[in-house]
1. Rounded to the nearest 500 deg cm²/dmol, what is the calculated helix-only ellipticity per residue at 222 nm for the chain, with -39500 (n - 2.57) per DSSP H run of length n ≥ 4?
2. Relative to the first principal axis of the alpha-carbon coordinates of the chain, what is the inclination of helix 10-30, with its axis defined by its Cα atoms, in degrees from 0 to 90 and to the nearest 10?
3. How many nm is it between the label spots at residue 47 and residue 82, if each spot is 7 Å from the Cα in line with the beta carbon?
4. Arrange the following residues from fewest to most other Cβ atoms within 10 Å of their Cβ: 15, 84, 66.
5. What list do you get for 82, 34 if you sort them by fewest beta carbons within 10 Å?
6. Which one, 92, 77, 110, has the greatest fluctuation when you compute a Gaussian network model over the chain with C-alpha springs under 10 angstrom?
7. What is the angle, in °, between the Cα long axis of helix 33-56 and the longest principal axis of the Cα atoms in the chain? Nearest 10 is fine, range 0 to 90.
8. Order by neighbour count: 97, 18, fewest other Cβ atoms within 10 Å first, most last.
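Nothing in this text is a laboratory measurement; each read-out follows from the coordinates by a stated rule. Source: prediction; values computed, not measured. Because the Cβ atoms are built from the backbone with ideal geometry, glycine has one as well, and the counts that use them run over all protein chains shown.
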């Protein structure tokens, strides 16, 4: 199915979606109130289960951490690349991070860090 959709043209995809929309609209128009209520309740249950799974996917994970899991690639945890550089203090920042959070736009100047003591090198 995915390969078929990937191979279809832009117009073909639009036609398929339009036919699907019309088919669903006709199906909904033909259903009675009991069928509509049943369909709505089923959809509500599926949506509630999906939301509950999204809320609890990391619940207690700190107590069963697995280094083999790639946590940072999960869509609910991924916050982007740290790719922007502050022009004043050269701090690395996320793209949407507030400007001036690191050094107040160059107003705060911190002294250079001293090299660490020998045991920490």
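1. Values: 3 runs with 51 residues, N = 121.
After summing the helix terms and dividing by the residues of the chain, the value is -14000 deg cm²/dmol.
2. The angle comes out at about 60 degrees.
3. 3.9 nm
4. Working: 15 12, 84 15, 66 8.
The order, fewest Cβ neighbours first, is 66, 15, 84.
5. 34, 82
6. Of the options given, 110 has the highest mean-square fluctuation.
7. The answer is roughly 20 degrees.
8. Taking fewest neighbouring Cβ atoms as first place, the list is 18, 97.
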